[in-house]
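The values are calculated or read from the model by the stated rules, or taken from the named source; none is laboratory data. Every value quoted in this text rests on a predicted model; they were computed, and no experiment measured them. Please note: Cβ atoms are built from the backbone with ideal geometry, for glycine as well, and neighbour counts cover all protein chains shown. Please note that ligands, DNA and RNA were not included when accessible areas were found on the heavy atoms of the full protein model with its side chains. Shrake-Rupley method; radii C 1.70, N 1.55, O 1.52, S 1.80 Å.
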Amino acid sequence: LPAIAAADIITLNPTTDAFVSAAAPSNNYGAAGGLAIAAAGLPNGEFQTVLRFDTPSAVAALNASYGLGNWTITAVSLRLTATAPNNPIFNAQAAGLFAVSWMQNDSWTEGTGTPGSPTTTGITFNSLPAFLSPADEPLGIFAFAGATSGAATYALSLAPAFSADLAAGGPVGLRLYAADPAIAYVFNSVNVGSTANRPVLTITAIPEPAAAVLLLLAARRPRRR
């Protein structure tokens with residue numbers, strides 16, 4: 001039988017996200033319209049971002065397409081849309097490298113703070129280390145060109161625990177942080193008004209070989225009249 005090029009592509013926005021700032025380590029900014037990554041030596045200090053994606057709908061869609069568990073994730077990417085750093089708490093946008101890692105512990109709380117009205121509830125720079133673990137997996141280092149608008153897509157590594165977390169249909173947490181001393185990157189959060197500008201996780205999956213054969217046979221079976 002010839003191979004079939006069947007694949008499902010599923011996109012998800014984060015359910016929660018937040019940035020944390022070393023310059024205000026006790027402040028929460030979970031309700032902000034923007035997120036940030038910045039290196040520690042910059043004038044306004046270090047910024048890191050966390051995002052959490054709920055994947056049950058993706059798993060349900062794949063099971064509906066191919067049968068329960070009869071599929072394999074072949075690619076995952078993260079799309080971010082840059083925005084101008086209009087609030088003075090942010091560093092000026094600057095090109096550089098950033099890293100993405102999968103978080104084993106994604107039980108952090110988004111919080112309700114904003115740059116104009118920060119709170120002390122939800123994740124902060126001080127509380128972030130409590131959610132980090134030696135089991136966290138690196139998913140890649142990526143280049144940011146320094147733009148203040150436009151979307152960029154980053155292909156994430158299919159690390160074992162990250163892939164298993166996606167396939168299990170639970171919440172999946174990511175951490176984004178500086179990977180060189182120059183980067184300052186502000187991008188839109190899930191709270192931004194335009195849906196098209198929110199972060200997007202794209203999951204591509206294909207059927208397992210046995211499921212692919214069944215799909216092909218079903219497609220070639222003559223229809224009864």
Net charge, Thr202 excluded, C-beta distance under 14 Å - Lys, Arg +1, Asp, Glu -1: +1
Please work out how much accessible surface Ser194 shows to a 1.4 Å probe, ignoring ligands, DNA and RNA, in Å² rounded to 10. 50 Å²
Could you give the angle, 0 to 90 degrees to the nearest 10, between helix 209-220's Cα long axis and the longest principal axis of the Cα atoms of the chain? 60 degrees
In terms of solvent-accessible area of protein heavy atoms at a 1.4 angstrom probe, what is the ranking of Phe90, Phe98, Phe125, highest value first? Phe125, Phe90, Phe98
Once the other residues with Cβ under 15 Å from the Cβ of Gly111 are scored (Lys, Arg +1; Asp, Glu -1), what is the net sum? -2
Expected field for Glu137, accessible surface area in Å² at 1.4 Å probe radius, rounded to 10, holds 30 Å²
Other residues with Cβ under 14 Å from the Cβ of Ala32 give, with Lys and Arg +1 and Asp and Glu -1, a net charge of -1
The whole-number value in µm²/s of the Stokes-Einstein translational diffusion coefficient for the chain, with Rh from the Kirkwood sum over alpha carbon pairs at 10 °C and 1.306 mPa s, is 86 µm²/s
Residue (of Pro25, Ala82, Ala182) at the positive-pole extreme of the chain, dipole from beta-carbon charges: Ala82
